[in-house]
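Down below is the structure, laid out as structure tokens.
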Amino acid sequence: MSVLLEVNGLDVRFETPEGEVHAVRGLNFSLQPGETLAIVGESGSGKSQAMLAILGLLAENGAATGQARFKGEDLMAMTPQELNRHRGRDIAMIFQDPMTSLNPYLSIERQMIEVAMHHQGLGRREARTHAIEMLRAVRIPDPETRIRQYPHEFSGGMRQRIMIAIGLLCEPDVLIADEPTTALDVTVQSQLAALVDEVVARSNMAAILITHDLGVVAGMSDRVLVMYAGEVVEYGTVEQIYAQPLHPYTRGLIDSVPRLDREDHEALHAIPGNPPNMLALPPGCSFRERCAHAFEACAEAPELSEPGEGRLKRCHLEKAP
Amino acid sequence: MSGPASGRRRKQRPVLKVQDLAVTYDIQQGGLLRRHTRPLNAVDGISFELARGETLGVVGESGCGKSTLARALLGLVQPRRGRVLWLGEDLVGLDEKTLRKKRKELQIIFQDPLASLNPRMTVHDIIAEPLWTFYPKIARVQVEERVRGMMKMVGLLPNQINRYPHEFSGGQCQRIGIARALVLNPRLIICDEPVSALDVSIQAQIINLLKDLQRKLALSLIFIAHDLAVVKHISDRVMVMYLGRAMEVSSAPNLYRRPLHPYTSALVKAVPIPDPAARRRTATSGLRGDMPSPLDPPAGCVFHPRCPYAVKRCEIEVPPLRRLPQGDWVACHLAEELDLTIVKSG
């Protein structure tokens, strides 16, 4: 199968008043057509910044190096004009907060039609028909009327569905969703998760789901990439990751999800400590201070190894934790 | 009218008794010429009892009135009707001065840990502020001793005492918020979405901490959240709210094994299971559409337009919250006929 998106040696650095932050450190991954990849990690793990870097959307003080080949073309070597041809049309991103990423002054119609006209070269009428179809696909009731409304007239769940509709408008090859359901109620979350799942399956689109919650992505991803302190610490199929995590951090992420389907044990298995200070990363394995399995070897930073076909881990432990 | 009482600790006198509490906001509507106000019943007739050392979870979607309930309990918003009996004394209608004294015993922890801490104050001053407010003549050494004790209790390091909130991660900020809430030795803490802004890994730490402190200090806890799995983990009993009303009040294990209300059942089914084998199970919560506007709540049972089991009666008659023989409470006409069992016993 051909590779749709291939990221190689991605590094992201930020200049801050306190010093340099090396937010993403040598990230590699690839995405096949129709595949759903979950990128999982805590705040500050670099998961969102890596995606923004690929799309050329880093903040002013950020700089990225490395390659991100989309259908063979390196996105990171492109000028902003060249990138604009791909953003939204070939690769679309849905952000966490729908209220800040929709323009409050423009009707939904205006925001959707502009995208469709710009990227797909549709006329106004066709663009409108297409936009209404997309709203119907994400189950906005009465889309012909509601398309004329403004963002504040919709509930949080509906705004997020509109964001998805806009993301899908140009039928991109890759859909990147950054914590698309975090700010939402569980009932809305489950509706949306099912919706994204369905759309991705139907259109053979590839998707990257960014989240801190392994519970949410279990049912909707094919592969999982776990990031810690800017690096990949584990990679595998969703079944491998949940059934036999190889990195203590992954194990911790799975165990810290409170579960409804189990009888209560006394305490949740929290990961002790806090995410590391990216301004002053400790030497050796960056997870060492929070790891219950740390031993002498961990004073040396572990390399990424391949313990099995298609699996990666960055840990000195021989056996799974 | 007496509300659902604690099952396990029923024989003990409750510390808090809430009776038929209702809060109404006036919402401005219309343009310049046709401006008018409409009442929004954010909390509509909530009753419950809370025992010493008990945790009541309050769960519901955005707009169900759970945060308004928290504010009404503390007298931060004025209820339209009802009583909040704290150790037998009604807090509703107390003057501000008397109410402030009561707040020594009733504290709150907020959702956004960083936003609820003053960025210009050190950890020491944030935790000490309630002491200065309630005991203006307290000696400096006493304050510092108390602050250090609190920091230790919530898992902050002694050398962090002079740092500022921005130097801490979200989880640590929430620990500071908890220390501030505990410094006056309260007997009841209301936690309003205390972990929903945190990473899952850190969430678990804070839940464990709250559970631990509650046991050590025999605190009563009202734990408000939209995440049912979190609520179930920390609560003895859980109240499920929808459009300002209680749909069900059940013991935490029962709520998951055998929900009594169709809305509870939908909430339970919507929680994602962190297991690929349960794939696509999450897609079948069975809940139709969105929550109706609280300005225009449906007649009869407020849940009936979204309920897969609704019958004619549900459109007309408001179901009262009533106690079933097994001890849990439900507001559904069909509770006896429905079997919403999710986990078979045994």
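The values are calculated or read from the model by the stated rules, or taken from the named source; none is laboratory data. Treat the numbers as computed from the prediction; the structure is a model and nothing was measured. Because the Cβ atoms are built from the backbone with ideal geometry, glycine has one as well, and the counts that use them run over all protein chains shown. Quick note on the areas: whole protein, heavy atoms, side chains included, nothing else; ligands and nucleic acids left out. Shrake-Rupley method; radii C 1.70, N 1.55, O 1.52, S 1.80 Å.
What FRET efficiency comes out for the pair A:Ser203/A:Glu239, r = Cβ-Cβ distance, R0 = 25 Å, nearest 0.05? List each step's numbers first, then the result.
Working: r = 24 Å, r/R0 = 0.96.
So the FRET efficiency works out to roughly 0.55.
Could you run the numbers on buried accessible area between B and A, total for both chains, 1.4 angstrom probe, in Å² to the nearest 100? Spell out each step's value before the answer.
Working: alone 17360 and 15830 Å², together 29270 Å².
Separately minus together, B and A give about 3900 Å² buried.
Kindly state, to the nearest 0.05, the FRET efficiency for A:Lys71 paired with A:His118, given R0 = 22 Å and r defined as their beta-carbon distance.
On the way: r = 21 Å, r/R0 = 0.94.
About 0.60, to the nearest 0.05.
Measuring with a 1.4 Å probe in the full set of protein chains, what accessible area per residue, in whole Å², belongs to the stretch B:117-185? Intermediate values should be presented prior to the final figure.
On the way: 3680 Å² over 69 residues.
Dividing the accessible area of the stretch B:117-185 by its residue count gives 53 Å².
Ignoring ligands, DNA and RNA, please state the percent of accessible area on the protein assembly as shown from carbon and sulfur, probe 1.4 Å.
Working: 14700 of 29270 Å².
With neighbouring chains kept in place, the figure for the protein assembly as shown is 50 percent.
Pulled fully out, how much extra length does the chain show between B:Asp339 and B:Arg120, if you take 0.36 nm times their separation in residues and subtract their Cα-Cα distance?
On the way: separation 219, 0.36 × 219 = 78.84 nm, distance 5.49 nm.
The B:Asp339-B:Arg120 span can extend by a further 73.3 nm.
To the nearest 20 debye, what is the magnitude of the charge dipole of the protein assembly as shown about its Cα centre, counting +1 on the Cβ of each Lys and Arg and -1 on the Cβ of each Asp and Glu?
Details: 79 positive and 77 negative charges, 568 e Å.
That gives the protein assembly as shown a dipole magnitude of about 2740 debye.
What FRET efficiency do you get for A:Arg148 and B:Asp296 if R0 is 35 Å and r is their Cβ-Cβ distance, rounded to the nearest 0.05? Please list the in-between numbers first.
Working: r = 21 Å, r/R0 = 0.59.
Once rounded, the FRET efficiency stands at 0.95.
Build a GNM of chain A with springs between Cα atoms under 10 Å: which of A:Val138, A:Val257, A:Val12 gets the top mean-square fluctuation?
Of A:Val138, A:Val257, A:Val12, the most mobile in the Gaussian network model is A:Val257.
Please state the relative contact order of chain B as a whole percent: Cα pairs under 8 Å, 6+ residues apart? Write down the numbers at each step before the final one.
Working: 646 pairs, mean separation 65.1, N = 346.
Relative contact order comes out at 19 percent.
Rolling a 1.4 angstrom probe over the protein heavy atoms, how many square angstrom per residue are accessible across the stretch A:13-170? All intermediate terms of the calculation are to be shown ahead of the outcome.
Numbers: 7280 Å² over 158 residues.
For the stretch A:13-170, the solvent-accessible area averages 46 Å² per residue.
Could you report the stretch A:245-321's accessible area per residue, 1.4 Å probe, as an integer in Å²? If you can, show how the numbers build up before the last one.
Values: 4150 Å² over 77 residues.
For the stretch A:245-321, the solvent-accessible area averages 54 Å² per residue.
Mind ranking B:51-64, B:178-191, B:288-301, A:106-119 by how tightly packed they are, going by the mean number of other C-beta atoms within 10 angstrom, highest first?
Values: B:51-64: 23.4, B:178-191: 21.5, B:288-301: 15.6, A:106-119: 18.7.
Those peptides, ordered most packed to least, come out B:51-64, B:178-191, A:106-119, B:288-301.
Counting only other chains, what is the mean number of Cβ atoms within 10 angstrom of the Cβ of each residue in peptide A:55-65? Before the final figure, lay out the partial values.
On the way: counts 0, 0, 0, 0, 0, 0, 0, 0, 0, 0, 0.
Mean partner-chain Cβ count within 10 Å for A:55-65: 0.
Non-local amide H neighbours of A:Ile176 (under 5 Å, H modeled in plane, Pro and chain starts lacking H): which ones?
A:Ala92, A:Met93, A:Ile94, A:Ile208
Quick one: helix A:156-168 against the long Cα principal axis of chain A, what's the angle to the nearest 10°, folded into 0 to 90?
Roughly 80 degrees, rounded to the nearest 10.
According to a simple spin-label model (label point 7 Å from Cα along Cα-to-Cβ), what is the distance in nm between B:Glu129 and B:Gln29?
A separation of 3.8 nm, rounded to one decimal place.
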